[in-house]
There are 2 protein chains.
Amino acid sequence: MKTIRTIEAAGYVGEPVRLRGWLQNVRRLGGITFLVLRDGYGTIQAVTEDDADIAAALTVGLESVIELRGVVVTSDQAPGGIELYQPSVTMITPIQVTPPAPLHKKQLNAAVPTLLDHAVVLNRHPQRRALFKLAAAAMAGFRATLNSQGFTEIQTPKMVASATEGGANVFKIAYFGREAYLAQSPQFYKQMMVGVFERVYEVGPVFRAEPHNTTRHLNQYVSLDVEFGFIEDHFTVMAMARTVIAGIMDTLAQQGSTELALLGAALPVVPETIPHIHFAAAQDLILERHGVDVRGEPDLSPQDERWLGEWAKEVHGSDFLFVTGYPMSKRPFYTHLDEARPQYSNSFDLLFRGLELITGGQRLHRYEQYLAALDKANLPVEPFATYLEAFKYGMPPHGGFAIGLERLLMQLLNLPNIKLTTLFPRDMQRLTP
Amino acid sequence: MKTIRTIEAAGYVGEPVRLRGWLQNVRRLGGITFLVLRDGYGTIQAVTEDDADIAAALTVGLESVIELRGVVVTSDQAPGGIELYQPSVTMITPIQVTPPAPLHKKQLNAAVPTLLDHAVVLNRHPQRRALFKLAAAAMAGFRATLNSQGFTEIQTPKMVASATEGGANVFKIAYFGREAYLAQSPQFYKQMMVGVFERVYEVGPVFRAEPHNTTRHLNQYVSLDVEFGFIEDHFTVMAMARTVIAGIMDTLAQQGSTELALLGAALPVVPETIPHIHFAAAQDLILERHGVDVRGEPDLSPQDERWLGEWAKEVHGSDFLFVTGYPMSKRPFYTHLDEARPQYSNSFDLLFRGLELITGGQRLHRYEQYLAALDKANLPVEPFATYLEAFKYGMPPHGGFAIGLERLLMQLLNLPNIKLTTLFPRDMQRLTP
């Protein structure tokens, strides 16, 4: 007898098979008993009129681990058109406790704290699994797109001697009697690696010790980082960002259609050219459309971003909008300025449905520019010595961007809280599970 | 004029092209000047009898960033059979300093500390690039093999409330007024996720605060982690480990042949079935072959591993050897014992050319087993509460393993020091670059 996965059952109609997984549900309806088994891939229902067939499953709690044998048959009534007849059950791991929220209901109904505190078991729910399958597909799409563009994958240090982006939001580590920090981003390393491979990417954790609990911040998240050389300016980088986002969406469409349907989510269309608006023009637009004067503000507020997102949808029919040319005063020291308007930078954010999803831009590439930029930012040179070494030995014009995987999922699935997009989130209170 | 990469030049014979990259070398030979450009992919040589053609490149240092135009021609004398005629050079980023070791020599001759201190620039050398390309190919091969086996990729927390493996070798973090630790492995999380997806893997950094500087330890390394359910015992896990190693070697053969040739490395043959020997039999064998009595030792020494590696090569013609059944006393509390010989475990190491490359085994899967194991190890239950929750709600027999990416590269390339296998290594003294 063949051991198969639930999703393979349709290929075995008329044959006896064996499946292994979790007892997701047992219910009785007019003399018939339905047993639902869930494995790592999907679910299948077994049907019997004789409870003796599945006796082992009737005295244990849901989520017990079982082996289920039966004959695959087609059935118009069954979910997916397939079910098992003449079932028999062998117990693998019987349990007797009840999960903190029902896993057999179509909707996972539990408050956010319950979902997070009991993620270890509640992540088994098909809705949660669908989300994390999409996360895996997004990473796969990111890598596949960049591989096809001649990029090389790298892995960089997460324990560093100085804070990348500056600011206080770094986690401190005790490092053999010294103080070190958890990397806020692979920014410096990915830039150095442009000198080695021209085009590099990294998928990995980044750490931000932001001391506030919001629905759109995590203290550890997955950053999809890209950096490449021989660009004209930030518009070259934006074109690549568009290619990458389109590649991710294509992969989600190919690998994640079942999951997207289950979650009721529709993929956005990525326009051939994503519309863009300059930071200053965006502020003018907000005044014009909403009567709120944010001109002179050095950054966009979440409300500003939502307004711009609405405008992009209305006027350009686009879920995506590039905002370019953020003021130099709010961008890190390695940012390349706009030669024509030096108070603005060659940088951009990509808004996705009114939320910043990607930050990127052109970087400085000459050693002397770095010395001047550090001086202007009142930063000492010494902590950046090994970073600057890359520029001493010749670097091309380059730029890059980073995509927050969790933000992508939050916007795609229209979730109220980013903590729901990661397996085991970290926040100010939460170090477990 | 088309802008191409060095490795694409053979497809443009007779055509004028433009390339961009680093000035790797300029040399004169009998009235002819050769200029070598290196881009992110390879090198190409341009040839001229008139230095005026390439004047811009003659007054700057090697590693300056240039644009090079010329006509692609075939030439028996040229490396790769291709070179550029009628070259012209435009300067992009001129530099005047000399790298800490010559990058244009075939062999990168520098002492290990120089290589590590100046990795930012010395990683540009073709030998170093080849190594890191192989690292990327190994990760790709790992993922592709597991994807084809129905595994799901996960990303897990790196900041944790309690040490995974126990022991003192954990880095402490200041976490919003509390103490936390850097994850020594994703062990607990990958096990929990067997309850969600049955089969999971993760590629990511792990952190070990081992306070000794050896040639085979790093304080951060890339762990290729695998865990899956519904196994018989550790032999099911060993079979999967064999599949994964074979998949990695296949990918290296497909994607890394140029790099392997450059580094003079030969891929091992992965036997259809890798030979295995029980821990106790291995100790007997060492006594028999080498007259050294290590029986009763709870672990194998590096010398023991080398001897066993030699034996596997001699007797089985294999670069790989599984050692099974390590004593329970040296394995972590979640290890499943050997029912027949309870002092031994259902665990294994895979030795590759006499060095431990993979550690793995069967884990406990019942809640009560965990309570008993923690009690036996004199460990409190409370710090493991969320980990144990997975087992409360039903887990199948499962197991897994972890491959150290850097050890794989060290053994494959026969390098004297593991620090040479990672872009920017972390050791007791080294937090930069």
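Before moving on, here are some points about what is shown:
- In chain B, the longest principal axis of the Cα atoms and the axis of helix B:126-148 are about 50 degrees apart.
- Cross-link partners for B:Lys172 among the aspartates and glutamates, with Cα-Cα distance under 12 Å and sequence neighbours closer than 8 places in the same chain left out: A:Glu179.
- Alpha carbon centroid spacing (whole Å) that separates region B:1-78 from region A:292-339: 42
- Antiparallel beta bridges, as assigned by DSSP with both residues in chain B, represent about 90 percent of the total such bridges.
- Dipole moment magnitude, nearest 20 debye, chain B about Cα centre, only Lys, Arg, Asp, Glu C-beta charged: 940
- Cross-link reach is defined here as a Cα-Cα straight distance under 23 Å, omitting same-chain residues fewer than 8 places apart; for A:Lys376 the lysines meeting it are A:Lys330, A:Lys392.
- Summing Lys and Arg as +1 and Asp and Glu as -1 over all other residues whose Cβ lies under 10 Å from the Cβ of A:Pro157 gives a net charge of +3.
- Residue by residue along A:389-401, Cβ atoms of other protein chains within 10 Å of the local Cβ number 6 on average.
- Region A:356-433 versus region A:197-245: alpha-carbon centroid distance in Å: 6
- Springs between Cα atoms under 10 Å define the GNM used for chain A, and in it the highest mean-square fluctuation of A:Val203, A:Val315, A:Val381 occurs at A:Val315.
- Electrostatic tally near A:Met395: other residues with Cβ closer than 10 Å to its Cβ, Lys and Arg +1, Asp and Glu -1, net +2.
- Annotation: amide H-H contacts under 5 Å for B:Val170 (H modelled 1.01 Å from N, sequence separation of 5 or more, or interchain): B:Ala209.
- Calculated mean residue ellipticity, 222 nm, chain A: -9000 deg cm²/dmol, from DSSP H runs (n ≥ 4) at -39500 (n - 2.57) each, averaged per residue and rounded to 500.
- ³J(HN,Hα) computed for each position of region A:219-227 - Karplus, 6.51 cos²θ - 1.76 cosθ + 1.60, integer Hz, glycine/proline x: 7, 9, 9, 9, 9, 9, 9, 9, 8
- Nm distances between copies for A:Gln303, ranked from closest, using label points 7 Å along Cα→Cβ: 7.5
- Peptide A:30-41 has a mean shielding of 2, counted as Cβ atoms of other protein chains within 10 Å of each residue's Cβ.
- Proximity of backbone amide H atoms, modeled 1.01 Å from N, is registered between B:Arg18 and B:Lys2, B:Thr3, B:Ile4 at under 5 Å, excluding neighbours fewer than 5 places apart on the same chain.
- Neighbouring Cβ atoms from other chains, within 10 Å of the Cβ of residues in B:8-16, number 0 on average.
- Between 0 and 90 degrees, the angle of helix B:302-316 with respect to the longest Cα principal axis of chain B falls at about 80 degrees.
- Under 5 Å, built H, 5+ apart or other chain: amide partners of B:Ile358: B:Leu350
- For B:Lys419, a cut-off of 17 angstrom between C-alpha atoms picks up these lysines, skipping any fewer than 8 places away in its own chain: A:Lys158, B:Lys133.
- For the protein assembly as shown, the residue among B:Ala163, B:Gly42, B:Ala280 whose Cα projects farthest onto the positive side of the dipole built from Cβ charges is B:Ala163.
- Counted by Cβ distance under 13 Å from A:Phe235, the other residues give a net charge of -2, where Lys and Arg count +1 and Asp and Glu count -1.
- Taking the DSSP bridge list for the protein assembly as shown and keeping only pairs wholly inside it, about 90 percent are antiparallel.
- Listed values for region A:4-13 are Karplus-derived 3J(HN,Hα) couplings in whole Hz (6.51 cos²θ - 1.76 cosθ + 1.60, θ = phi - 60°), namely 10, 8, 3, 6, 9, 4, 4, x, 10, 4, and x replaces Gly and Pro.
- Each residue of region A:416-421 was assigned a 3J(HN,Hα) from its phi angle through the Karplus expression (A = 6.51, B = -1.76, C = 1.60, θ = phi - 60°), giving x, 8, 5, 5, 7, 9 Hz with x at Gly and Pro.
- Compared with the dominant Cα axis of chain A, that is its longest principal axis, helix A:279-290 is turned about 60°.
Each reported figure results from applying straightforward, stated rules to the coordinates on display, with no laboratory input. Every value quoted in this text rests on a predicted model; they were computed, and no experiment measured them. In this analysis, Cβ positions are derived from the backbone assuming ideal geometry, glycine residues included, and neighbour counts consider all displayed protein chains.
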